1. Work out which trypsin sites (Lys or Arg not before Pro) in the chain are exposed loop sites (DSSP not H, G, I, E or B, at most 14 other Cβ within 10 Å) and give the longest gap free of them.
2. What value, in deg cm²/dmol to 500, does the helix sum -39500 (n - 2.57) over DSSP H runs of n ≥ 4 give at 222 nm once divided by the residues of the chain?
3. At most 16 other Cβ atoms within 10 Å plus a DSSP loop assignment makes a site exposed; report the longest stretch of the chain without any exposed GluC sites (Glu not before Pro).
4. With a cut-off of at most 11 other beta carbons within 10 Å, and DSSP calling the residue loop, which chymotrypsin sites (Phe, Trp or Tyr not before Pro) in the range 182-213 qualify? Please list them.
5. Stokes-Einstein diffusion coefficient for the range 93-171 at 4 °C in a medium of 1.567 mPa s, Rh from the Kirkwood formula over Cα pairs: what value in µm²/s?
6. Quick one: grab the alpha carbon gyration tensor of the range 23-65, order the square roots of its eigenvalues as a ≥ b ≥ c, and give me rounded if a/c is under 1.5, else prolate or oblate depending on whether a/b is larger than b/c.
7. Skipping prolines and chain starts, which residues have an amide H placed within reach, meaning under 5 Å, of the one on Phe234, given they are 5 or more residues away or on another chain?
8. Any idea how many Lys pairs in the chain come in under 27 angstrom at the alpha carbon, given 8 or more places apart or on separate chains?
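The values are calculated or read from the model by the stated rules, or taken from the named source; none is laboratory data. Quick caveat, the model's predicted, so the values are computed rather than measured. Neighbour counts are summed over all protein chains in view; Cβ atoms, including those assigned to glycine, are modelled from backbone coordinates with ideal geometry. When the accessible area is computed, the model is the full protein with side chains, heavy atoms only, and any ligands, DNA or RNA have been set aside. Shrake-Rupley method; radii C 1.70, N 1.55, O 1.52, S 1.80 Å.
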Amino acid sequence: MSEVDKLFASPVSKVDDFRFDDAVARVFPDMIKRSVPGYPTIIESIGVIAGQYAQPGTLIYDLGCSLGAATQSMRRHLPQNGCRIIAVDNAEAMSERCREYLSAQDAMLEEAIPAEVVTADINTLTLQPCSMVVLNFTLQFIPPHQRLALLQRIRKALLPGGVLVLSEKLNFTDSQTQNALESLHYAFKRANGYSELEIAQKRTAIENVMRPDPLEVHQQRLRDAGFSHSHLWFQCLNFCSMIAHT
Ligand SMILES: C[S@@+](CC[C@H](N)C(=O)[O-])C[C@H]1O[C@@H](n2cnc3c(N)ncnc32)[C@H](O)[C@@H]1O
Ligand SMILES: O=C(O)C(=O)C[C@]1(C(=O)O)C=C[C@@H](O)C=C1
């Protein structure tokens, strides 16, 4: 169903800001796998984490679900235990395709837990009580001044024992670390077949819309939002994933 990402392969006089539109939705599985080191491991592990932390009979949110890769992983790993997933994305190009992917999965899994796709802005959506929330490379696209309020609303919706899985690209305050990991990330993209032009144009496209934070900023913000404890469970180059506990 997914095409090869050639979106930045031809030179353009002015690179537009990155948007989750139809062109991106069409190539997204290929794009994210070739751009985010460790993405397949993170996706598979989110299913394992759900197996450990999703409480029977409760709701799970996948916020900024794109095509629902994390939702699909949780459905592969969770038994029929009364859990239900709500996958949310405000980009219609994504949420529409996500519904198609999940219907295809319905046909393949005999006893998949129910999953519903909602087209909505996660900054304004009312969150119901839930035992697990996934923000897999979504918070970095939320304007920085709205991030704490979103995490506070997630924290309030989580039941006792609930967890947030937060995956993000990282910035580093130490310039040596920043330069070393950024340059390895570009080497990762090159190894996955992206040209220097594609890497440069994508970099320009995302610089105004995707603003990564340092790990310490995430950890402090999670504390400020009321999470009692958070820890890294995965890092590959400048990409990581954390679990935050209620
Ligand atoms: C990098 S993608 C997430 C990848 C996806 N979670 C996965 O695991 O494959 C970021 C997604 O967040 C969505 N997004 C960004 N801001 C949003 C908002 N305010 N409300 C809902 N979705 C949002 C985008 O439309 C995009 O699909
Ligand atoms: O940092 C980059 O260069 C990326 O391409 C990363 C990233 C992401 O982390 O979401 C950016 C946009 C696309 O959604 C896929 C990957």
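1. 20-246
2. The per-residue figure over the chain is -14000 deg cm²/dmol.
3. 4-109
4. Answer in residue order: no site qualifies.
5. The diffusion coefficient I find is 89 µm²/s.
6. oblate
7. Residues meeting the amide H criterion: Ser241.
8. Count of close lysine pairs: 16.
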